[in-house]
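Notes follow the structure.
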Amino acid sequence: MAKLILKRGRANPLWHGHPWVYSGAILREEGGYEPGDSVEVSDFEGRPIGRGLANPRSQIRVRMMTWRDEPIDAALIAARVREARALRERLGFPSEATTAYRLINSEGDGLPGLTVDVYGDVHAVQFSALGLKRREDEVYDALAQLQPRAIVEVSAGGFAQVEGFASATRVVRGPDDLASVRCRENGIELEVEPLKGQKTGMFLDQRDNRRRVGELSRGARVLDVYTYAGGFALNALKGGAVHATCVDSSARALERVQAHAALNGLTNVETVEADAFRYLETARPRSYDFVIVDPPKFARARKDLDAAIKGYQRLNTLAMTACAEGGLLATSSCSQLVDEETFERMLAAAAKDAGRRVQVLEVRSQGADHPIPPAFPEGRYLKFLLCRLV
């Protein structure tokens, strides 16, 4: 097995459990290896730290799999899948109210570069790193032990190109004619299309935040911007909102909103196909009791950071302007490069621009089925602030 020795002073994060070895941290390599092979990682003094899966074409040279002297093989992968399943069962998934949840959260479950979302009896798999993609048969065999009706792979898009592997959306095991999948979230019936939707079919990380919005929506006029499949609006209506306006630039997404509303017998929902900024610019000031803005990732690379923060500030200024006196604002960022402190500073600047006083009521993140190692702040990417406008 090839060995990678780190530069002096670069091993401490790994000793504490950070799962990534950046190319700039490596002093030298001993022995040859192919992309995706197992390698041993040692500190400057030659003390073994653990083993991971290496990819010389990635800036993240090694994704750590174990801090023990053990092989990275089918048995280890199967054990990690079983551990992940046991954790979800302890967290109460699946339940009568919720059958859509994350089963494997990459580094958080010791399987870096692997995401598995469960929708009813279907497992949707996405690989974002070469190492486990090379071991996909072992992954699928381990998942098959959980007896899903079908396993599908969802294309990794840009991740595949960066990591150097081919990726396509397909049915891996199960019926070839798989289209939509029926599942539930917070007691709401949904139809998810894992072979056509964004991510693996839904954005499960906001499930608990959607439930919280529902708990606070009784009697409210709700505006759900970047609604996608209508998750926040549906929870709000279920919680007693009197009306929900759902805004998205995708006509297909808005069709799903209306279908989900009909499926659950929810009325008083309006869908608007529009750009979020353009819609908010023309919205009547202070006309909504609860405004939710859940935009896509604005900062995909560090070079995008300044523009992303300006975008978030403008978006939140407009959202605050649309929010009634004493109303609530739920605002999110899924950009990993925008940390909580930066996001809160942005919100303060937006409040100044809008001429509003803001009270932050709750600071939230992704649900418990999206665990992360404590030494891996990069894994806590989701920021969700619940605020009151006065």
Charge dipole of the chain built from unit charges on the beta carbon (Lys, Arg +1; Asp, Glu -1), centred at mean Cα; most positive-end Cα among GLY131, GLY36, HIS243 is HIS243
Taking only Cα atoms and a 10 Å spring cutoff, compute GNM fluctuations for the chain and point out the largest among ARG134, ARG210, ARG380. ARG134
Proximal lysine pairs in the chain, meaning Cα under 14 Å and 8 or more positions apart or interchain, come to 4
Roughly how many Å is it from the Cα centre of the range 1-17 to that of the range 85-151, as a whole number? 29
Rounded to the nearest whole number, the per residue volume of the convex hull around the C-alpha atoms of the chain in Å³ is 136
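First measure r as the distance between the Cβ atoms of ASP306 and ASP339, then evaluate 1/(1 + (r/R0)^6) with R0 = 22 Å and state the FRET efficiency to the nearest 0.05. Please report the intermediate quantities before stating the final value.
Values: r = 14 Å, r/R0 = 0.65.
Efficiency, from the Cβ-Cβ distance: 0.95.
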Which of ALA179, ALA129, ALA244 fluctuates most in a GNM of the chain (C-alpha springs under 10 Å)? That residue is ALA179
Among GLU273, GLU83, GLU34, which one shows the biggest mean-square fluctuation in a GNM of the chain, springs joining Cα atoms closer than 10 Å? GLU34
Could you tell me the center-to-center distance, by alpha carbons, between the range 237-264 and the range 326-390 in angstrom? 24
Tell me, what is a quarter of the convex hull surface for the C-alpha atoms of the range 3-66, in nm² with one decimal? 3.6
Take the Cα pairs of the range 270-355, get the Kirkwood Rh, then feed it into Stokes-Einstein at 10 °C and 1.306 mPa s and tell me D in µm²/s. 119
Quick one: plug the Kirkwood hydrodynamic radius of the range 119-245 (C-alpha pairs) into Stokes-Einstein at 20 °C, 1.002 mPa s, and report D in µm²/s. 132
Kindly put THR169, THR282, THR99 in sequence by how many other C-beta atoms sit within 10 Å of each C-beta, fewest to most. THR282, THR169, THR99
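Looking at the chain, what % of its DSSP beta bridges pair antiparallel, to the nearest 5?
The answer is about 65 percent antiparallel.
Every read-out reported here was derived from the displayed coordinates using simple, explicitly stated rules and does not represent laboratory data. In this text, all values refer to a predicted model and were calculated from it rather than measured experimentally. All Cβ positions, glycine included, derive from the backbone under ideal geometry; neighbour counts span all protein chains shown.
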